[in-house]
Structure formats: C-alpha cells, structure tokens
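Right, one structure below, let's go through it.
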Amino acid sequence: MNNVRTVSDTKRTFYTLHTRPINTIYRRVVEELMVEMHLLSVNVDFSYNAIYALGVVTSFDRFMDGYQPEQDQESIFRAICQAVEQDPHRYRQDASRLQALAASLPAKELIAGLSQVTSLNQDLDLQKQLEVVAGNANFKYSRLFGIGLFALLVQSDPELVKDNQRKAEALKAIANGLHLSEDKLIKDLELYSSNLEKMAQALIVMADIVSADRKKRDALKQA
C-alpha cells in the first residue's frame with residue numbers, strides 16, 4: 001500500500017489548521033511554499049537541516065512581510081509546517097540560532113566556514129551538517145537551502161550581497177566547498193530576488209487600488 005502523502009492531503013490539512021481566509025495576493029505565495037516543502041518532505045534523498053530551516057523562515061517572512069491581519073502570519077507559518085508534518089518551533093529556533101551566528105561573524109570567516117575551508121567551531125551542529133552536505137553525493141539540494149545560505153551572508157554583511165562581484169565570489173566559494181551546482185544556486189537566488197521585487201510591486205499596485213477606491217467612496221458620500 002502506498003501511504004505517501006499527496007499535495008492534496010497537505011493542502012487539506014493546512015486549511016483545517018488555518019481556517020481564516022488568506023488575502024488573495026498572498027495565497028499563491030503560501031501554497032507554492034507549502035507545495036515545495038511537501039515535495040521535499042516526501043523525497044527519499046531529502047533530510048532536514050538548519051540551513052534549509054533558515055531558508056524556509058526567511059522566504060516566508062520576506063514574502064509575508066506586511067500581511068494583514070499581522071497576527072495571522074504566525075498562524076499561517078505554523079499551519080504550513082504542521083501540514084507537511086514538521087515542527088514550526090524547530091524551524092524558528094534553528095533559523096534564529098543561525099541568524100545570531102552569522103551576525104556575530106565577519107563575512108570572510110563565515111564564507112570560509114560555509115565553504116569548508118575552515119571549521120565553524122562556534123556551532124558544531126552546523127559544522128556537522130555542512131560536512132554531511134559536502135560529503136553526500138545524493139544530497140537533495142533545494143531552492144530553500146540556497147535561500148538559507150544567502151540569508152546567512154545577508155545577516156553577516158548586508159553590504160556584501162549588494163556588491164555583485166563580492167556576492168558572486170562568495171557564492172562560488174560556498175557552492176564549490178559544499179559540492180553544489182554554482183549555476184543552480186545563482187539562478188535560484190536570482191529568481192528569489194526577482195519574485196521579491198514582483199511581490200513588492202504588486203503590493204504597491206494593490207495599495208494604490210485600495211486608496212483610489214477609498215477616495216471614490218468618500219467622494220460619493222460627499223456628493
């Protein structure tokens with residue numbers, strides 16, 4: 001008997017856990033993240049690690065920034081994780097731990113650690129996970145893992161990621177050190193940045209529509 005959960009199962013679970021309607025402009029973001037996490041969770045080569053968790057948390061927080069009502073954001077995040085049979089607290093805790101670590105390290109030291117040139121002795125659990133990634137020919141790379149790596153760089157040195165040359169050099173070193181596809185990593189991060197820009201533009205358009213509609217109603221009331 002095949003007991004592998006389907007995407008439909010996961011979506012059904014999500015909507016039983018979070019029962020409030022999701023704003024239209026964000027619904028696609030929520031469902032795409034949930035489907036991506038689902039497909040990874042049922043892949044035999046996939047295994048959870050803190051960098052992936054940071055990628056999930058970063059992606060969710062960036063795309064859901066400004067969501068109203070604000071108190072629904074964490075409910076949605078918990079429901080996504082629980083729908084794919086994961087612990088949302090573990091994701092948040094691991095992400096916070098890695099963010100704090102990256103913020104405490106100079107970018108050069110962080111990049112050397114991520115690329116396995118030196119050991120990240122400040123966090124032995126992360127160091128062990130990096131060794132597993134680098135040493136596993138069947139490691140299941142994902143876009144969310146790539147976003148997690150990028151989030152570490154942003155946390156360590158926000159100016160580095162704004163410099164295309166320095167950013168490219170850092171990503172190349174990390175990809176080579178972890179035996180990941182540099183092209184795949186860069187393309188995933190370019191798409192991620194592009195989608196964030198599109199989301200920001202869509203929110204501006206939506207805000208303009210709402211504002212125009214409000215002015216129109218006010219004008220009718222005064223007529």
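The values are calculated or read from the model by the stated rules, or taken from the named source; none is laboratory data. Bear in mind the structure is a predicted one, so any value in this text is a computation, not a measurement. When we count neighbours, we look across all protein chains shown, and the Cβ atoms used for this are built from the backbone with ideal geometry, even at glycine. Surface areas here come from the heavy atoms of the whole protein model, side chains and all, with no ligands, DNA or RNA. Shrake-Rupley method; radii C 1.70, N 1.55, O 1.52, S 1.80 Å.
Data overview
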read-out: Cα centre as origin, Lys/Arg/Asp/Glu Cβ charges: the chain dipole, Debye; value: 700
read-out: Max mean-square fluctuation residue, GNM over the chain, Cα-Cα springs under 10 Å, options Lys11, Lys172, Lys108; value: Lys108
read-out: Scattering profile of the range 1-96 at q = 0.17, 0.24 Å⁻¹ [log10 I(q)/I(0), Debye over alpha-carbon scatterers]; value: -0.72, -1.41
read-out: Accessible area expressed per residue, the range 83-223, with surrounding protein chains retained (probe 1.4 Å, Å²); value: 58
read-out: Solvent-accessible surface ranking, highest first, for Leu203, Leu120 at 1.4 angstrom; value: Leu203, Leu120
read-out: Listed residue (Asn3, Gln116, Leu126) projecting farthest to the positive dipole end of the chain, Cβ model; value: Asn3
read-out: FRET efficiency for Gln68 and Ser47, using Cβ-Cβ distance with R0 set to 35 Å, rounded to 0.05; value: 0.45
read-out: Cα-centre dipole for the range 44-166 with unit charges at Cβ (Lys and Arg positive, Asp and Glu negative), debye to 20; value: 260
read-out: Residue among Met64, Leu171, Ile147 farthest towards the positive dipole end of the chain, charges placed on Cβ; value: Met64
read-out: 222 nm mean residue ellipticity, helices alone, for the chain (DSSP H n ≥ 4; -39,500 (n - 2.57); rounded to 500); value: -24000 deg cm²/dmol
read-out: When the convex hull of its Cα atoms is projected in every direction, mean area for the chain (nm²); value: 15.0
read-out: Flagged links, alpha-carbon separation over 28 Å, of Lys128/Lys167; Lys11/Lys167; Lys11/Lys128; value: Lys11/Lys167; Lys11/Lys128
read-out: Rule-of-thumb Rg ratio for the range 121-163 [Cα; 2.2 N^0.38 Å; N residues]; value: 1.34
read-out: Most mobile of Val35, Val161, Val205 in a GNM of the chain (Cα contacts under 10 Å); value: Val205
read-out: Degrees separating the helix 182-222 axis from the principal Cα axis of the chain, which is the longest one; value: 20
read-out: Förster radius 30 Å - calculated FRET efficiency between Ser104 and Glu182 (Cβ-Cβ, nearest 0.05); value: 0.65
read-out: Neighbourhood net charge (14 Å Cβ-Cβ; Lys/Arg +1, Asp/Glu -1) for His18; value: +2
read-out: Scaled radius of gyration (Cα, divided by 2.2 N^0.38 Å) that the range 153-223 gives; value: 1.87
